[in-house]
Every structure is written in structure tokens, then in C-alpha cells.
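Reading through the C-alpha cells given below for one structure.
The values are calculated or read from the model by the stated rules, or taken from the named source; none is laboratory data. As the structure is a prediction and not an experimental result, all values here were calculated from the model. Methodologically, a virtual Cβ is constructed for each residue, glycine included, from the backbone with ideal geometry; neighbour enumeration extends over all protein chains shown.
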Amino acid sequence: MCIQPPADQSEVLPLWEVSNPHDPYTVRGKAAVAGVLILLVGEGRYGLKNVQTGKTLVPVFLLCKEEDFDRWIEQFKADHGISEPLGEFVRSHLVELVAVGESLLIGSPSQRESLEFMLGAIPDEREREKALLLHHDARRTSTVDLRKVVQQWVQHWRTLLAKQAGGG
């Protein structure tokens, strides 16, 4: 459940900064999956931008007209090769959504780099998870716990994966 930095740096996925009025967060993942995760979890309240390029992937949709949002979704899907409805995309990308959700960390990109280094030095997964929770709780200032919200989605997706594996 705890993030683990990849041993081979060629496997490193893009780093995204979550745009929100609360604590800073970052996630790692392919653009389409990270974008869909933020859309679902944030319900338009959160955006996402590429840390390396500064380019916005998902804008914040507060006070947005429904037709503008619908038009943006269609463009996002076209830009990322998503031909199916978003619900089908989610069902066919559950493993990736879980991975992106589990990659969510509180803090800036530079703080993330330090935390990933520290977590990589802890061999026991349970101890890594404890360290991650301590880090998160010590840095969270908002009453909105984005990690908790994302973990609820991750648990839901894990349940769906288990049902799929069981033939249900």
C-alpha cells in the first residue's frame, strides 16, 4: 500500500502537482490516468499540472458552466486517446488508478523527493507506511484530508478489482 520509488529510474512516471486551495500534494502517473483520478476525486475542485513543464493537465472547474466542462472532457479524452466513456475507462484502468492514488503524497515536489528517498531506506513495508502516515499527519494543515479521500477511492477500486478477479 505504501509508495515505493522504482529501482530503475527509466520507469519513473511523470510527476503532477495537485492544484488546490489546501495543502500541497503530488502524484505520479500517466497523464490520462492521473487526470481522471483528479477529476473523480476532486469533482472539479482540484486541478493538476505537470511539475516538469508547468503545463496544466486538469484545470480547477469551480464556477464552470456544465457545457464548458462537457466540452473540456471531450477534448481531454481526445487528447489522451480515450475513446470510451469515462466510466468504462475507469473500469479498464483500475490497477493504474490504484497506483496513481497510492502515489499521492503531501508536500511540494522537492519535499516528495526527500520523502521518497527516506521511504526507500525503510525495508519493511509496514514501517514505511507508518513513516508515511506520520509525515502526512505532521504536514497536513487543512481540515480537508485529500489523502484520506483518495484512499477511500483506492479501496473502492481494489474492491472492484477483487470482484473482477473472482468473476463477479
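Worth pointing out:
- Close contacts from segment 50-69, counting a first residue that is without any contact (Cβ under 8 Å) to a residue 24 or more places away in the chain and a second that is part of a loop (DSSP other than H, G, I, E, B) and surrounded by 13 or more Cβ atoms within 10 Å (Cβ to Cβ), with Cβ to Cβ under 6 Å and a gap of 6+ residues or different chains, come to Phe61/Gly44.
- Qualifying residue in segment 62-73 (condition: surrounded by 19 or more Cβ atoms within 10 Å (Cβ to Cβ) and aliphatic (A, V, I, L, M)): no
- One residue from Gly87, Gly35, Gly47, Gly101 being modelled with pLDDT of 90 or more, of a type in the set (Gly, Ala, Ser) and loosely packed, with under 15 Cβ neighbours inside 10 Å: Gly87
- Within segment 1-29, tally of residues that are basic (Lys, Arg) and either surrounded by fewer than 17 Cβ atoms within 10 Å (Cβ to Cβ) or modelled with pLDDT under 85 (or both): 0
Here's the yes/no breakdown for (1) out of contact with any Cys (no Cβ under 9 Å at 6 or more places or on another chain); (2) of a type outside the set (A, V, I, L, M, F, W, C):
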{"position": "Leu119", "(1), (2)": "no, no"}
{"position": "Glu125", "(1), (2)": "no, yes"}
{"position": "Leu132", "(1), (2)": "no, no"}
{"position": "Trp153", "(1), (2)": "yes, no"}
{"position": "His156", "(1), (2)": "yes, yes"}
{"position": "Thr159", "(1), (2)": "yes, yes"}
{"position": "Gln164", "(1), (2)": "yes, yes"}
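- Residues of segment 124-142 classified as over 18 Å from Arg112 (Cα atoms), under 19 Å from the mean Cα position of the chain (by Cα) and not small (Gly, Ala, Ser), total: 0
- Residue in segment 121-132 that is surrounded by fewer than 13 Cβ atoms within 10 Å (Cβ to Cβ), touching a residue at least 40 places away in the same chain (Cβ under 8 Å), out of contact with any His (no Cβ under 6 Å at 6 or more places or on another chain) and not acidic (Asp, Glu) present: no
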